[in-house]
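Since every read-out is calculated from the coordinates, none of them should be taken as a lab result. Bear in mind that the values here come from a model prediction, so they are computed numbers and not experimental data. No Cβ is skipped: glycine too gets one built from the backbone with ideal geometry, and neighbour counts run over all protein chains shown.
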Amino acid sequence: MNIIETAHVSYDYIRHDEEGNVEGCTRAVSDVSLSVRQGEFIAILGHNGSGKSTLAKHINALLLPTEGTVFVDGKDTGQEENIWEVRQSAGMVFQNPDNQIIGQVVEEDVGFGPENMGIPTKEIWERVEESLRAVGMYAYRKHSPNKLSGGQKQRVSIAGVLAMHPKCIVLDEPTAMLDPNGRKDVIRAARALNDVEKVTVILITHYMEEVIYADRVFVMDGGKVAMQGSPREVFSQVDRLKQLRLDVPQVTLLAHELQKSGLPLPDGILTVDELTEELGKCL
Amino acid sequence: MLRDITLGQYYQTDSILHRMDCRVKLVATLVYIISLFLVDNIWGFAVAAVFLAVCIRLSKVPFSFMVKGMKSIAFLMLFAVVFNLFLTPGKPVVAFWKLRITDAGIRMAVQMAVRLTLLIIGSSLMTLTTTPNHLTDGMESLLKPLKKLKVPVHEVAMMTSIALRFIPILMEETDKIMKAQIARGADFESGNLIQKARAMVPLLVPLFIAAFRRANDLAMAMEARCYRGGEGRTKMKPLVYRRNDYIAYGVLAFYLAAVLAVGRFMPI
């Protein structure tokens, strides 16, 4: 069954001048149709302004399409009465870790979502414990969020969404403001959710290294889906990716250059191990 | 470090008063303040002082912390005492030039000093033993009846707790902007008051813009997590009265009766 189904979705941002008059509109997303199956790990790539974050906000009904429809778990996000069910089944983690933590203690923040849903107190505690354990932050449950590192804060945010028992989590550039270690922790937590809890994960990013574990990759450019397929399929087209102003992972780039200079290497090498193995075969 | 600042003046330790339900403490503080204004003789103040001393002992907060709170209002207190001393009509005791000190004036001044001292120490005892978070929780729960009068109690409590959460973050931000502006040659130190105030503009404008941006993000994050006001919301940490809290209410009622009996009806 498809958890997310978008059909010909377009979205216009309306620009205002200083007096608030309408100046014109910018099409941020144009005619995007995609479907995501339950349990998939999806990555959406794109450089700044490619419309990937705008698209992500449609899945949580924070934005409604100007044209087209978005169905989340069989419900139309355009219908007013579906909005809370949609937000409960598709959770969202944002870019800035400081601006999405509401509680003054880690465990209170994780409990915020379930509180809003009207879950009984006893069950809230169970959900909070279980979610904090799933992202490896249980030891910090009594801490103040202000004293955590960026990566830890993002894991708390993920736990906060997880406690609402969503079917799908949208991570909107969760690692953009983190250092490399924090980035690794967050991606590890997201993969664990997908593997262990079977939550559908939609990861929006512009770091190529985070994408190689995805089941499917969508590359966006100018509001449209420019490429899609498995990471291997997408990364085998190094020249096309460069055209879209995206960096390919270093290993893939190296393999591509070696291939160009005459070594018989296959397309779409994603990891160092793969490359060493293939190079071994060449010798 | 800037992020280590504590808000309010909460003193972290474990005592009966710290564990007590915040609603009891709020009510008790209110009752205590009212009782101080109903009392008008030395015995009444003695009872109030003894009650406070016992509470301080139970709270395990060092007395020096209470005195810290007094320093900030020393000026106000001096003001109240001087005015009462010179401006109360009555039989003159000392008189020089145009100033007269009357017997009633001396009495009023002493009463005012004692009253203010007890009041400040009493209310700082509450803030020392209750986290700001609990305070907003307690307020929300105590003011619930006002919801019928369309007072947005839940919203105010939610705003207060968000404000408390963002104070350290905005302070850090201020620090960052200040350093950035100093690096570009801004001068926040020298000049007279007006020049200093004008120097704050390049600090405040970016700070406000950043704060609005954060508010926008936070509102979106709250909506994404199904926040839709206080209706139909459950509590992760509901306030529940325990045995000790009922006992505390009993003690409070007994104190009020005692202080009124002694302070209002016993002759001086």
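For the pair B:Ile73 and A:Glu197, how long in nm is the line joining their label points, each one 7 Å along Cα→Cβ?
Distance between label points: 4.8 nm.
Would you please calculate the Kirkwood hydrodynamic radius of chain A over all C-alpha pairs and express it in Å, rounded to one decimal?
Here the Kirkwood hydrodynamic radius works out to 20.1 Å.
With a Förster radius of 30 Å, plug the Cβ-Cβ distance of A:His16 and A:Asn48 into 1/(1 + (r/R0)^6) and report the FRET value to the nearest 0.05.
Here the calculated transfer efficiency is 0.90.
Going by how many other Cβ atoms sit within 10 Å of their own, how do A:Val22, B:Val31 line up, fewest first?
A:Val22, B:Val31
For the stretch A:130-283, max minus min Cα coordinate along each principal axis, in Å, sorted largest first?
Principal axes ranked by extent give 58, 37, 27 Å for the Cα atoms.
If you place +1 on the Cβ of every Lys and Arg, -1 on the Cβ of every Asp and Glu, and leave all else neutral, what size is the dipole of the stretch B:128-268 about its Cα centre, to the nearest 20 Debye?
The dipole of the stretch B:128-268 has a size of about 420 debye.
Loop-only check: which trypsin sites (Lys or Arg not before Pro) in the stretch B:48-102 are DSSP coil with at most 13 other Cβ within 10 angstrom?
B:Lys98
Which whole-number percent gives the relative contact order of chain A, counting Cα pairs below 8 Å spaced six or more residues apart?
21 percent
For chain A, which span is the longest to avoid every loop-located (per DSSP) member of GluC sites (Glu not before Pro) having at most 10 other Cβ atoms inside 10 Å?
A:20-283
What is the Cα convex hull volume of the stretch A:41-144 when expressed per residue in Å³?
143 Å³
Work out the charge dipole of chain B with +1 on the Cβ of Lys and Arg and -1 on the Cβ of Asp and Glu about the Cα centre, then indicate which of B:Ile247, B:Ile33, B:Tyr10 is farthest towards its positive end.
Highest projection toward the positive end goes to B:Ile247.
Take every Cα-Cα distance within the stretch B:1-101, group them into 5 Å bins from 0 onward, and report for each bin the whole-number percent of pairs it holds.
Taking every Cα pair in the stretch B:1-101, the percentages come to 2, 9, 11, 17, 19, 13, 10, 7, 5, 4, 2, 0.
Run the numbers for A:Glu67 and A:Ser35: contour at 0.36 nm per residue of separation, minus the present Cα-Cα distance, in nm.
Separation in residues times 0.36 nm, less the Cα-Cα distance, equals 9.8 nm.
What is the Rg over Rh value, at two decimals, for the protein assembly as shown, using alpha-carbon atoms and the Kirkwood definition of Rh?
Taking Rh as the inverse mean 1/r over Cα pairs, Rg/Rh reads 1.11.
With bins 10 Å wide starting at 0, give me the P(r) of chain B over every alpha carbon pair, in whole percents.
Spelled out bin by bin, chain B gives 6, 19, 24, 23, 18, 9, 2, 0 percent.
Nothing charged except the Cβ atoms of Lys and Arg (+1) and of Asp and Glu (-1): what's the magnitude of the dipole of the protein assembly as shown about its Cα centre? Round to the nearest 20 debye.
Roughly 3120 debye, rounded to the nearest 20.
Starting from one equal scatterer on each C-alpha and no solvent at all, send me the Debye-based log10 I(q)/I(0) for the stretch B:156-267 at q = 0.12, 0.14, 0.18 Å⁻¹, two decimals.
Debye output, listed in q order: -0.74, -0.79, -1.01.
Return the sequence-ordered ³J(HN,Hα) values of the stretch A:107-115 in whole Hz as given by the Karplus equation 6.51 cos²θ - 1.76 cosθ + 1.60 applied to θ = phi - 60°, using x for Gly and Pro.
Going residue by residue, I get 5, 5, 5, 5, x, 4, x, x, 4 Hz, with x marking Gly and Pro.
Just to verify a number: FRET efficiency for A:Trp125 and A:Leu254, C-beta to C-beta distance, R0 = 60 Å, to 0.05?
0.75
Can you pull the one-decimal nm distance between simple spin-label points at B:Phe86 and B:Met178, each 7 Å off the Cα toward Cβ?
For the pair B:Phe86/B:Met178, the computed spacing is 3.9 nm.
Stretch B:Lys98-B:Leu239 to full length: gain in nm at 0.36 nm per residue minus the Cα-Cα span?
44.9 nm
Suppose a student asked you for the relative contact order of chain B, using Cα pairs under 8 Å spaced at least 6 residues apart; what percent would you report?
Contact order relative to length: 33 percent.
For the stretch B:95-242, what are Rg and Dmax over the alpha carbons, in angstrom?
23.9, 72
Can you compute the modelled spin-label distance between B:Phe254 and B:Arg57, with each label point 7 Å from Cα toward Cβ, in nm?
In this crude spin-label approximation the distance works out to 1.4 nm.
Would you calculate, for chain A, the mean residue ellipticity at 222 nm contributed by helices, counting each DSSP H stretch of 4 or more residues as -39,500 (n - 2.57) and dividing by all residues, to the nearest 500?
Result for chain A: -10500 deg cm²/dmol, rounded to the nearest 500.
Taking neighbour Cβ counts within 10 Å as the exposure measure, how do B:Arg214, A:Arg133 sort from fewest upward?
Fewest-to-most ranking of B:Arg214, A:Arg133: A:Arg133, B:Arg214.
Give the share of C-alpha pairs in each 5 angstrom bin for the stretch B:165-224, from 0 to the last occupied bin, in whole percents, shortest bins first.
4, 17, 22, 21, 15, 10, 6, 4, 2, 0
Tell me, B:Asp187, A:Asp185, B:Asp245 in order of fewest to most beta-carbon neighbours within 10 Å?
B:Asp187, B:Asp245, A:Asp185
Go through the stretch B:164-268 and name the GluC sites (Glu not before Pro) that are in a DSSP coil and have 14 or fewer other Cβ atoms within 10 Å of their Cβ.
Sites meeting the loop and neighbour criteria: B:Glu189, B:Glu231.
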